[in-house]
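First up is the structure itself, then whatever we jot down about it.
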Amino acid sequence: MVLAAFTDKCFPTGGSQRKGLAFRAVVVLLAAIAVFAGIGRGSAATAGTVKALDYKMAGDATHMRIVLNFDREPEPKWFLLRAPHRLVIDLPDTALMFDARDLKPRGLIANVRYGASGEGGSRLMVTSKGPFNVDKVDILENSDGKGYRAVVDISAASEREFDAALAEQAATTASTVSTPKSDRIGKTAQRGDHPFTIVIDPGHGGVDGGAEGLNGTVEKSVTLAFAKELKSKLDDGGAYKVVLTREGDDFLRLDDRVRIARQNAADLFISIHADTIRLKGIRGATVYTVSDKASDADAQALADRENLSDQLAGVDVAEENHEVSDILVDLIRRETHGFSTRFARSLVSELSPTVGMINNPHRSAGFRVLKAPDVPSVLVELGYLSNAKDEEQLRSAEWREKAASSIAKAIGAFVAQRGGTGG
Ligand SMILES: [Zn+2]
């Protein structure tokens, strides 16, 4: 990774190529000092040059925050590039002096590169896993009076949203520091001819097998078989776009599942599960929506177990509590929650007569996989693998067909209620 940053040659340099190369050599030298001597600050930069002292990023596959610290006020300009989806930050008259190890990609960010650009300037190129929104780029004075910091927030978004931002960029030539249009997160205004999009998420996969039935049925297989059945049911009518988060036996992080929903501009996200419970007599389906406070102890226990999925697969989730606290996001979240609840009710009424449900079949808890702020999301427990009868049903193609039909009906009712397929 360190070497990749040093040897990067893909930068279009603004000024003369020779000067660019010479400057890059300085950057490399400084970075090398930072890496090998363990110090982040050099003194070789000329007097007029702003120093970018460090680079930090944190977040997950849906949101990332990048923070750059400067000794003086920087004047960054940023713009977007596609194929792959990138955020380019130009820093005129700035020397990059940060530790290359901090550029290690994570979450939504697939790659970070940097190099010289123009007369004494530098360029950072941040490549995302798929389309994203720039939620904000702020330059703030540090409260201790020592220098400034640039705070950049990006979040996974649909191709359509990325295109809209590119078009806006083309119209205004170059962006400087700015807060993007407030309706960027709320995509309702931009739907147009967008087909009603359903993302179906077969729970677990790969090293994370999920629950195991009395007769050896593995949850990850049941959820995938069911998701495929549901997709084919929904594809039949031709009214929807249907996307599966996984098509094979693959491990997928919880936040990657949410990212797929957001990048497809999903109108509905349905996570499919079939877990176990202590009491073997309990059977039937349950529909969950997200809530801060669990509806009951069993729902809490289930959410805790589901949320462990990433740790089971050895994914480091230590720094991934990046909650977006923005009034707009809060409003959208509330509206989304209303839609999720409405869809959950519709599911309960369609599933009750056909597949049978547990008592109080609509429950809630803090499921991480249901946390896209702008996508109505539910988690369906099809039944309990701890119950012999449920396990037998879950293995039956006929039963799957019947249950999938009921869910498709519930989706139809939800779409009709929302007023057509345009969302
Ligand atoms: Zn599960």
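The values are calculated or read from the model by the stated rules, or taken from the named source; none is laboratory data. Note that this is a predicted model, so its numbers are computed, not measured. Don't worry about glycine lacking a Cβ; one is built from the backbone with ideal geometry, like all the others, and counts go over all protein chains shown.
Things worth noting here:
- Strands (runs of 3 or more DSSP E) within the range 125-210 that include 1 or more residues modelled with pLDDT under 90 and closer than 18 Å to Phe79 by Cβ: 132-141
- Selected residue (only one of Thr223, Thr217 is more than 21 Å from the chain's Cα centre (by Cα), closer than 26 Å to Ser406 by Cβ and within 12 Å of the ligand (Cβ to nearest atom)): Thr223
- Residues of the range 211-229 that are outside any strand (DSSP E or B) and of a type in the set (D, E, K, R): Glu219, Lys220, Lys228, Glu229.
- Single residue of the range 366-384 satisfying the filter (aliphatic (A, V, I, L, M) and either modelled with pLDDT under 95 or away from the ligand (no atom under 16 Å from the Cβ) (or both)) that is surrounded by the most Cβ atoms within 10 Å (Cβ to Cβ): Leu370
- Of all residues making up the range 259-282, the number that are away from the ligand (no atom under 16 Å from the Cβ) and touching a Ser or Thr at 6+ places or on another chain (Cβ under 9 Å): 12
- One residue stands out among those in the range 64-118 that are charged (D, E, K, R) and within 29 Å of Arg160 (Cβ to Cβ): the one that is surrounded by the most Cβ atoms within 10 Å (Cβ to Cβ), which is Asp90.
- Residues that are of a type outside the set (A, V, I, L, M) and within 16 Å of the ligand (Cβ to nearest atom) within the range 227-254 comprise Thr245, Arg246, Asp249, Asp250, Phe251, Arg253, listed in sequence order.
- Lone qualifier among Ala44, Ala83 - being in a loop (DSSP other than H, G, I, E, B), among the hydrophobic types (A, V, I, L, M, F, W, C) and modelled with pLDDT of 50 or more: Ala83
- Residues in the range 263-298 that are of a type in the set (Val, Ile, Thr) and modelled with pLDDT of 90 or more: Ile270, Ile272, Thr276, Ile282, Thr286, Val287, Thr289, Val290.
- Every residue from the range 266-294 that is β-branched (Val, Ile, Thr) and closer than 14 Å to Leu382 by Cβ: Ile270, Ile272, Thr276, Ile277, Ile282, Thr286, Val287
- Wholly within the range 230-299, strands (runs of 3 or more DSSP E) carrying at least 2 residues that are polar (S, T, N, Q): 285-290
- Test: Gln393 is surrounded by fewer than 18 Cβ atoms within 10 Å (Cβ to Cβ) and touching a helix residue (DSSP H, G or I) at 6+ places or on another chain (Cβ under 9 Å): no
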